[in-house]
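Colleague: Let me give you the structure first, and then I'll get to my questions.
The values are calculated or read from the model by the stated rules, or taken from the named source; none is laboratory data. Please read these numbers as outputs of a predicted model, since none were measured by experiment. FYI the Cβ positions are ideal-geometry reconstructions off the backbone, even for glycines, and counts take in every protein chain you see.
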């Protein structure tokens, strides 16, 4: 596909981190997307829901403030926050394997969001290669068991990714990912050579990062986000089944409606990756940076970071 210079595209990248995000968020999002006539890319954490263990992040500067400001804790519910602490963590993908088939049948893309979301988010950067490969392998096998297909795409929990993890993903046949923050697609440079997979980084703030900051409310968030979509470029917006798929669904509906009125198209990540590959994808590295409204370091496209993005 040859893109016009004026083409404005937005990938709706949906992260499913929890059991409630899968069981309640995915059906609601499927309805929203069907009514709007758009397709999305869903990334599902395949293994145990250990959301309660994320409470250890309370010691991180800014984490509690973000939870209170955005209402993120309430979006998940008490039961979810007990998983992995006071309650055993259910295997998320096994709670509703039929939803994988429904998503695929409706034309959405479905990929991996790791095995144990909290474990990857909090510990992946310190793991040796064999532990990373084992984690990814468990998710890969369950996805194949459920769908009969080999997964082709991956999104890292919490935008946590390293060259070692990129290499593991490439070695297992993953062709395109969304693991970092940044401005434009690139091929990750690992040990001096570009990998064959394409990274399409999240380019926009998430809803929980903006609520309560700079006067943004639930009533104004859709318009605020729509104005951050860069005309004539590929944009990637990360949303969550637990958030936009539940109480904050009206924000997503408002965002899509505004962008459709502006002529924005909504390719899946796989479609955008193919479009970018046809144009030629530059090579880049990742570094660590901060996003306003989010605690902790995130993997960031190095060239974007150098220009003062974070």
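Colleague: Is it the case that residue 254 is surrounded by 24 or more Cβ atoms within 10 Å (Cβ to Cβ) and within 29 Å of residue 75 (Cα to Cα)? Explain how you work it out, then say what you get.
Modeller: Numbers: surrounded by 24 or more Cβ atoms within 10 Å (Cβ to Cβ): no; within 29 Å of residue 75 (Cα to Cα): yes.
When the stated conditions are applied, residue 254 does not pass them.
Colleague: Please find, among 243, 264, 283, the residue that is in contact (Cβ under 8 Å) with a residue 12 or more places away in the chain and more than 25 Å from residue 110 (Cβ to Cβ). Outline the logic, then answer.
Modeller: On the way: 243 fails: more than 25 Å from residue 110 (Cβ to Cβ); 264 fails: more than 25 Å from residue 110 (Cβ to Cβ).
One residue alone meets the criteria, 283.
Colleague: Now for a different question. Which one of these is more than 15 Å from residue 10 (Cα to Cα) and either part of a helix (DSSP H, G or I) or at pLDDT 95 or above (or both): 208, 271? If you could, list the steps in order and put the result at the bottom.
Modeller: Numbers: 271 fails: more than 15 Å from residue 10 (Cα to Cα).
Among 208, 271, only 208 is more than 15 Å from residue 10 (Cα to Cα) and either part of a helix (DSSP H, G or I) or at pLDDT 95 or above (or both).
Colleague: Further, regarding this structure: Is it the case that residue 208 is touching a helix residue (DSSP H, G or I) at 6+ places or on another chain (Cβ under 9 Å), surrounded by fewer than 24 Cβ atoms within 10 Å (Cβ to Cβ) and without any contact (Cβ under 8 Å) to a residue 12 or more places away in the chain? Even if it seems obvious, please write down each step before you answer.
Modeller: On the way: touching a helix residue (DSSP H, G or I) at 6+ places or on another chain (Cβ under 9 Å): yes; surrounded by fewer than 24 Cβ atoms within 10 Å (Cβ to Cβ): yes; without any contact (Cβ under 8 Å) to a residue 12 or more places away in the chain: no.
Considered against the rule, which asks whether it is touching a helix residue (DSSP H, G or I) at 6+ places or on another chain (Cβ under 9 Å), surrounded by fewer than 24 Cβ atoms within 10 Å (Cβ to Cβ) and without any contact (Cβ under 8 Å) to a residue 12 or more places away in the chain, residue 208 comes out as no.
Residue by residue, here is whether (1) closer than 22 Å to residue 165 by Cβ; (2) touching a strand residue (DSSP E or B) at 6+ places or on another chain (Cβ under 7 Å) holds:
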| position | (1), (2) |
| --- | --- |
| 93 | yes, yes |
| 98 | no, no |
| 112 | yes, yes |
| 116 | yes, yes |
| 128 | yes, no |
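Colleague: Looking at segment 111-124, I want the residues that are at positive phi and in contact (Cβ under 8 Å) with a residue 12 or more places away in the chain and have a partner that is buried (at least 23 other Cβ atoms within 10 Å of the Cβ) and in a strand (DSSP E or B) with Cβ atoms under 8 Å, at least 6 apart or on another chain. Which pairs are those?
Modeller: What qualifies is 114/154.
Colleague: From the list 223, 299, 278, 295, which one is surrounded by fewer than 16 Cβ atoms within 10 Å (Cβ to Cβ), in contact (Cβ under 8 Å) with a residue 24 or more places away in the chain and either touching a helix residue (DSSP H, G or I) at 6+ places or on another chain (Cβ under 8 Å) or in a loop (DSSP other than H, G, I, E, B) (or both)? Reasoning before the result, please.
Modeller: Details: 299 fails: surrounded by fewer than 16 Cβ atoms within 10 Å (Cβ to Cβ); 278 fails: either touching a helix residue (DSSP H, G or I) at 6+ places or on another chain (Cβ under 8 Å) or in a loop (DSSP other than H, G, I, E, B) (or both); 295 fails: surrounded by fewer than 16 Cβ atoms within 10 Å (Cβ to Cβ).
Going through 223, 299, 278, 295 in turn, the sole match is 223.
Colleague: Filter segment 8-50 for residues that are within 19 Å of residue 225 (Cβ to Cβ), touching a strand residue (DSSP E or B) at 6+ places or on another chain (Cβ under 8 Å) and in a helix (DSSP H, G or I) and give the result.
Modeller: Residues satisfying the conditions are 25, 29, 33.
Colleague: Same structure, new question: Keeping to segment 163-174, report how many residues are under 16 Å from the mean Cα position of the chain (by Cα) and surrounded by fewer than 20 Cβ atoms within 10 Å (Cβ to Cβ).
Modeller: 0
Colleague: If you go through segment 257-268, how many residues are assigned to a helix (DSSP H, G or I) and either touching a strand residue (DSSP E or B) at 6+ places or on another chain (Cβ under 8 Å) or at positive phi (or both)?
Modeller: So in segment 257-268, the residues assigned to a helix (DSSP H, G or I) come out as 257-261.
In the following step, the residues that additionally are either touching a strand residue (DSSP E or B) at 6+ places or on another chain (Cβ under 8 Å) or at positive phi (or both) were identified as 259.
Matching residues across segment 257-268 total 1.
Colleague: Of the residues 69, 53, which single one is over 30 Å from residue 144 (Cβ atoms), at pLDDT below 95, in a helix (DSSP H, G or I) and over 18 Å from the mean Cα position of the chain (by Cα)?
Modeller: Answer to the selection: 69.
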